[in-house]
Amino acid sequence: IPATRAACVNRFTRPLESLGVAVDPLLSDAGIPGELLECPEALVPLDRAFKFAELACHAVGSEHLALHLGLRHSLDEYGFYGKFIRESRTVYEYLHKGVSLYNLLITGQRLWLTRHGDQFRLNLATAGDPGLGSYQSHLDTITTTIAVLRSSIGPFWTPAEICLAYRSRENLPESDL
């Protein structure tokens, strides 16, 4: 059953509240009981989490909400998963742990590494058609990964290429990323 941890949904709720967005109606419309989010390790059906992310995007008027939110967060918000991968000593160890334990955080998505010569690619896929909600998950994962790698490698490191399956109607905004 595709699911995500409540901690992943909470990554959206707190910043939305700080922007003045009424989160409870969005949770209700997505079919997520608000009290479920009080337990970060609780499971939320992935389709409901994606619906919530989509509703949140509409509420703030941006298809790239997770890009902005991802720049504000740390790995600690991912609970055990975040703590475990944050303790990595090398970039390879970080990526390997992140990929191998990703299903502790989200099921119904797949994260994997591929090697192309002297380059590695971090790949992320969601079953079904890529929609606005799953796009938020992809953006959050990419943003968090780049931010963590920059803190390890250096602030000016950037991936050579980023490819996203979702075709947004608006351009990606300029960011520190």
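The values are calculated or read from the model by the stated rules, or taken from the named source; none is laboratory data. As the structure is a computational prediction, the values presented were derived from the model and not from experiment. Cβ coordinates were reconstructed from backbone atoms using ideal geometry, including for glycine residues, and neighbour counts include every protein chain displayed. Accessible surface areas use protein heavy atoms only, side chains included; no ligands, DNA or RNA. Shrake-Rupley method; radii C 1.70, N 1.55, O 1.52, S 1.80 Å.
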Please work out if ILE142 is under 23 Å from GLU87 (Cβ atoms) and over 17 Å from the mean Cα position of the chain (by Cα). no
Any idea how many residues of the stretch 120-137 are open to solvent by 60 Å² or more (accessible area, probe 1.4 Å) and in contact with a Phe, Trp or Tyr (Cβ under 6 Å, 6 or more places away or on another chain)? 1
Give me the pairs: first residue in the stretch 95-119 and loosely packed, with under 14 Cβ neighbours inside 10 Å, second residue not in a loop (DSSP other than H, G, I, E, B), beta-carbon distance under 6 Å, and six or more apart or on different chains, which are they? TRP112/VAL99; TRP112/ASN123; THR114/ARG121
Would you check if there is a residue in the stretch 84-91 being without any contact (Cβ under 8 Å) to a residue 24 or more places away in the chain, open to solvent by 30 Å² or more (accessible area, probe 1.4 Å), over 12 Å from ASP140 (Cβ atoms) and aliphatic (A, V, I, L, M)? no
Which members of the stretch 107-126 meet the condition of being among the hydroxyl-bearing types (Ser, Thr, Tyr) and either within 17 Å of ILE1 (Cα to Cα) or under 13 Å from the mean Cα position of the chain (by Cα) (or both)? THR107, THR126
Every residue in the stretch 159-173 that is farther than 18 Å from ALA125 by Cβ, at pLDDT 75 or above and open to solvent by 90 Å² or more (accessible area, probe 1.4 Å), please. ALA160, ARG169, ASN171
Counting only helices (runs of 4 or more DSSP H) entirely within the stretch 62-177, those with at least 1 residues that are in contact with a His (Cβ under 6 Å, 6 or more places away or on another chain) and of a type outside the set (A, V, I, L, M, F, W, C) are none
